[in-house]
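Here is the structure we will look at.
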């Protein structure tokens, strides 16, 4: 395969991947807006299956740890999370409140209904797509 063809393939695949990512982000933002929660709050709620330390949520959100305190404050002010002590008294865990669990369930239902991957791909195709994406990330050293 020529270098020009490889470059065109890389460009085309990258553009498609970016378009799918942007579509996914846009749909998630619309769902968040419709439910009356900011996108970052919705992302945090979706990731909180169990109580986790605040720094772990920062890692899951792939954001700076300094951002988590204001985010946790906002989520707490909305009644979606509460801070609970961890095993180490210095560690605070974020846990969903009953309102947070209800919001998480609503988000889960709406996201799975609107997700481009859930709509366009069957279970086998999604598993294959996930494997390909993981391979790309592992080859990239991420």
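Values computed for the structure shown
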quantity	calculated
Among (1) over 26 Å from residue 116 (Cβ atoms); (2) touching a helix residue (DSSP H, G or I) at 6+ places or on another chain (Cβ under 7 Å), the one test that residue 61 misses	(1)
Any hit, the stretch 72-88, residues being under 15 Å from the mean Cα position of the chain (by Cα), surrounded by fewer than 17 Cβ atoms within 10 Å (Cβ to Cβ) and over 30 Å from residue 13 (Cα atoms)	no
Residue that is surrounded by the fewest Cβ atoms within 10 Å (Cβ to Cβ) [pool: residues in the stretch 116-142 that are in a loop (DSSP other than H, G, I, E, B) and at pLDDT 95 or above]	122
The stretch 89-115 - residue that is in a helix (DSSP H, G or I) and free of Cβ contacts under 8 Å to residues at least 12 places away in the same chain and, of those, nearest to the chain's Cα centre (by Cα)	112
Residue among 49, 40, 105 that alone is surrounded by fewer than 17 Cβ atoms within 10 Å (Cβ to Cβ), within 23 Å of residue 18 (Cα to Cα) and either in contact with a helix residue (DSSP H, G or I) (Cβ under 9 Å, 6 or more places away or on another chain) or at pLDDT 95 or above (or both)	40
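The values are calculated or read from the model by the stated rules, or taken from the named source; none is laboratory data. Here the structure is a predicted model, which is why all the values come from computation and not from measurement. In this analysis, Cβ positions are derived from the backbone assuming ideal geometry, glycine residues included, and neighbour counts consider all displayed protein chains.
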